[in-house]
Amino acid sequence: MRRRANSQFASLQVLALALLIVAQAMAAQPRSFAKKVLSPRVLEQTFHSKALDREMHYMIVLPADYGSSRKRYPVLYLLHGWAGDFKNWVTLTNLVDDSQSYPMIIVTPDAQNSWYVNSAMIEKDRFEDYIADDLIREIDGHWRTIASPHRRAIAGLSMGGYGSLLFGLKHADFFSVAGSVSGALDGPAGVEQVMPVLRESTDRAYGAAESATRTANNIFSLAEKAESSKLPYLFVECGAQDPFLPSNRKFVNDLSQKHIPYEYHEYPGAHNWEFWDSSLPLMLEVIAARIVPKTPRTVPKTQ
């Protein structure tokens, strides 16, 4: 009888966690977008992704002096979480105000529930190629960027935190910093055991258990095999009440064992927008300190 009661209690805990995650995911939807007055620095853009063969959206937050200068700027790519989209960072955090003092361009792309990988199940869903190839080419080709990996960073929350570290490890020569907030770091390696509601999207992204796609996108394995001297600086934040805390602690412990440069911050907080908004200023500060050049670069005058 006691064993059955314990089993029922455990099942109720799993159900409660799943309901909490669904509620948080719904809260992450940009329902306030129409009501929020956006800064003139913020623009919504669309471009054609060759990898996905479809039109894709992104928001771009321009530096305060972009319109009045001829300077070139470093770029931060901010990735959204599961059940979110490209408007979340702009509408659900104080990103625009928090970034105002930093002379850098910020791009928030759409990636659906892709886990930022080339899908094992849907051939046309090549989301890794879309970010690494198409999006960076779009931004460097249409905006006054400093098109150098030393002036480029990537970061994200939850699924996007996993994605940013994945790009930092798989495309280390593209970025100077990779940051994660509340990262769902076990994406291909059992994240569904923590949040069962994610299973449909992870199966679609990674395929069957032990698939080549799961192995190729396991950030713990990638960190183990990486050459620390060739990696971007890694920045990790997580809330003390976040269900992903154990995997975040394990990841930074692995980084420490490998002597990979990183910093880790753990604060009181859960897997929600309150925590993500409050943790954003420090992340921006650390990233800006590493990618913003001390001497501005300008576009030469045309004759």
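With the cut-off at 24 Å, tell me which of the pairs K170/K258; K50/K170; K250/K294; K124/K170; K50/K71 have Cα atoms farther apart than that. The pairs that break the limit, which is 24 Å between Cα atoms, are K250/K294; K50/K71. Could you state the angle between the C-alpha long axis of helix 273-291 and the longest principal axis of the C-alpha atoms of the chain, as a value from 0 to 90 degrees rounded to the nearest 10? Approximately 40 degrees, to the nearest ten. When the charge dipole of the chain is built from unit charges on Cβ atoms (+1 for Lys and Arg, -1 for Asp and Glu) and taken about the Cα centre, the candidate among L245, A153, P63 whose Cα reaches farthest toward its positive end is P63. Among the trypsin sites (Lys or Arg not before Pro) found in region 259-303, those both in a DSSP coil and sparsely packed, with 14 or fewer other Cβ atoms within 10 Å of their Cβ, are K294, K301.
Considering the zone a paramagnetic label at S256 would reach in this model (a point 7 Å from Cα along the Cα-to-Cβ line), which residues of region 153-196 have amide N under 12 Å from it? Output list for this probe position: empty. Based on protein heavy atoms only, the chain ends up with 47 Å² per residue of surface accessible to a 1.4 Å probe. Once the Cα atoms of helix 159-170 and of the chain are each reduced to a long axis, what angle between those two axes, in degrees from 0 to 90 to the nearest 10, is obtained? Roughly 70 degrees, rounded to the nearest 10. Taking a straight Cα-Cα cut-off under 12 Å and skipping sequence neighbours fewer than 8 places away in the same chain, the aspartates and glutamates within cross-link reach of K87 are E44, D110. The chymotrypsin sites (Phe, Trp or Tyr not before Pro) found in region 43-131 include none that occupy coil by DSSP while having at most 12 further C-beta atoms within 10 Å.
Ranked from largest to smallest solvent-accessible area, with a 1.4 Å probe on the protein heavy atoms, K225, K258 come out as K225, K258. If one takes the longest principal axis of the Cα atoms in the chain, at what angle in degrees, from 0 to 90 and to the nearest 10, does the Cα axis of helix 245-258 lie? The two axes meet at around 60 degrees.
The values are calculated or read from the model by the stated rules, or taken from the named source; none is laboratory data. Here the structure is a predicted model, which means the values were calculated and not measured. Virtual Cβ from ideal backbone geometry, glycine too; neighbours counted across all protein chains shown. Ligands, DNA and RNA are stripped out before the accessible areas are found, and what is left, the full protein with its side chains, is counted by its heavy atoms. Shrake-Rupley method; radii C 1.70, N 1.55, O 1.52, S 1.80 Å.
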